[in-house]
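The structure appears right after this line, and notes come after that.
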Amino acid sequence: MVKIENPGEKLVNAIVAGMKEKKAVQISILNLEKLEQAVCDYFVICNAESTTQVSAIADSVGHFTLTEAKEKPFHIEGSDNATWILLDYGNVIVHVFQNEFREFYNIEEFWADAVRTDIDEIS
């Protein structure tokens with residue numbers, strides 16, 4: 001029997017690959033599927049050291065999602081100042097933060113009931 005990959009998982013994997021390509025750190029996936037108040041199925045979150053790296057990671061995510069999952073974001077916010085760029089894929093929302101902005105907004109704490117997976121930075 002052939003296993004059919006969940007389209008959301010395929011998209012999340014492409015997002016993580018795009019983040020890793022540009023050396024994103026502290027990559028976390030929040031699975032929100034079982035939460036009533038959730039706005040999407042997944043959040044994929046990472047940190048960057050500078051606005052230049054935030055932009056580079058967002059661009060890389062866009063490239064990987066298009067080539068590996070055949071998906072483009074419906075909406076992108078934050079590109080102008082690049083302290084926090086949000087890419088909205090509908091069922092998956094990507095957050096690329098500069099370090100201090102991730103600490104300030106603390107999305108993981110707000111969505112603490114979600115199933116959290118932290119990606120090993122060595123892999």
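Only the coordinates and a few stated rules stand behind these numbers; no lab work does. None of these values were measured; they are calculated from a predicted model. When we count neighbours, we look across all protein chains shown, and the Cβ atoms used for this are built from the backbone with ideal geometry, even at glycine.
General observations
- In summary, the aspartates and glutamates within cross-link reach of K23, defined as a Cα separation below 18 angstrom excluding same-chain residues under 8 places away, comprise E49, D59, E100, D118, D120, E121.
- Its relative contact order, with pairs defined as Cα atoms under 8 Å and 6+ residues apart, puts the stretch 25-118 at 35 percent.
- Applying a DSSP loop filter and a limit of 12 other Cβ atoms within 10 Å to the GluC sites (Glu not before Pro) in the stretch 70-123 leaves E121.
- The stretch 52-94: chymotrypsin sites (Phe, Trp or Tyr not before Pro) in DSSP loop, at most 14 other beta carbons within 10 Å: F74
- Paramagnetic reach from E108 in the stretch 14-49 [backbone N under 14 Å; point 7 Å along Cα→Cβ]: 25-31, 43-48
- For the stretch 80-94, Karplus couplings with θ = phi - 60° (6.51, -1.76, 1.60), whole Hz, Gly/Pro x: 5, 9, 6, 8, 7, 10, 10, 10, 9, 9, x, 8, 9, 10, 9
- Translational D in µm²/s for the chain (Stokes-Einstein at 4 °C, 1.567 mPa s, Kirkwood Rh from C-alpha pairs): 90 µm²/s
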